[in-house]
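The values are calculated or read from the model by the stated rules, or taken from the named source; none is laboratory data. All values derive from a computational prediction rather than experimental measurement. Cβ sites come from the backbone with ideal geometry, for glycine too, and all protein chains shown count toward neighbours.
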């Protein structure tokens, strides 16, 4: 016969373990929030006094200590445009192929997923050297926005593919069978059912891609270059915002205020692009579901 005291003791231990686990989780969350708040508050308090509309529309002078970041913002936007235009459609296509058309070739799919995981963990400076050798030298693009954007596309692809593929694989298989049972083609089922169901994963992949591409430094030093003039085409060299921040903080004496202001602009840019991508993704999927 079970002893009531033993049962009570077990319940107390279970409650204590649950309390300790919950406390640890909450402590970790609070620690991360405090550290993030500390970093952001330091950037905002130091960079905000130097930030103005003139800072955004003028060219840098005196090695970046004076003037603004207008050419830097233009170069950043063009590099990001090239990177996302190449990586998003290509990555989504590969993710669909792995999730929907490689089910009967498990060994090949497993090998490709392992390769993508390895590529996602390669340091960015290695991508920079690869991009310099391939795009700048072999294809003759030189230090240009196109070289930088294509290099960033190579960096974004592994993470974006694996994120989208995981979202597609998480969709209930009954949804696929239900679409086929209703007479829908495989393409129609994918377009109207599976992709909208995997929307959170696709959005997460886009956000991760935007964050990595916008804040990248090492890869762009070897591909897009250092020049801080206004780019006239995709073949011109251009300095990205993250590279500009690095140069001001490491190589320019007295450039800390401009570096902080540029870092604040970078954070605002990443947040704005994230919400913008989420908005357009929601609108696209809402229209897609409405047309189903």
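In table form, for the structure just shown:
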item	result
Leading residue by the ranking (nearest to the chain's Cα centre (by Cα)) among those in the range 128-145 that are closer than 25 Å to residue 207 by Cβ and buried (at least 22 other Cβ atoms within 10 Å of the Cβ)	128
Residue check, residue 152 at pLDDT 90 or above, surrounded by 13 or more Cβ atoms within 10 Å (Cβ to Cβ) and in a loop (DSSP other than H, G, I, E, B)	no
Residue count for the range 42-94, restricted to those that are outside any helix (DSSP H, G or I) and out of contact with any strand residue (DSSP E or B) (no Cβ under 7 Å at 6 or more places or on another chain)	4
Some residue of the range 225-240 being closer than 24 Å to residue 77 by Cβ, at pLDDT 85 or above and in a helix (DSSP H, G or I)	no
Residue 190 touching a helix residue (DSSP H, G or I) at 6+ places or on another chain (Cβ under 7 Å), in a helix (DSSP H, G or I) and free of Cβ contacts under 8 Å to residues at least 60 places away in the same chain	no
Meets criteria (surrounded by 17 or more Cβ atoms within 10 Å (Cβ to Cβ), within 26 Å of residue 97 (Cβ to Cβ) and touching a residue at least 24 places away in the same chain (Cβ under 8 Å)) for residue 248	no
Qualifying residue in the range 47-59 (condition: closer than 24 Å to residue 209 by Cα, assigned by TED's automatic domain parsing to the domain that holds residue 265 and loosely packed, with under 12 Cβ neighbours inside 10 Å)	no
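Residue-by-condition table, conditions (1) assigned to a helix (DSSP H, G or I); (2) in contact with a helix residue (DSSP H, G or I) (Cβ under 9 Å, 6 or more places away or on another chain); (3) in contact (Cβ under 8 Å) with a residue 60 or more places away in the chain; (4) not assigned by TED's automatic domain parsing to the domain that holds residue 76:
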residue: 96; (1), (2), (3), (4): yes, yes, yes, no
residue: 99; (1), (2), (3), (4): yes, yes, yes, no
residue: 109; (1), (2), (3), (4): yes, yes, no, no
residue: 116; (1), (2), (3), (4): yes, yes, no, no
residue: 129; (1), (2), (3), (4): yes, yes, yes, no
residue: 133; (1), (2), (3), (4): yes, no, no, no
residue: 142; (1), (2), (3), (4): no, yes, yes, no
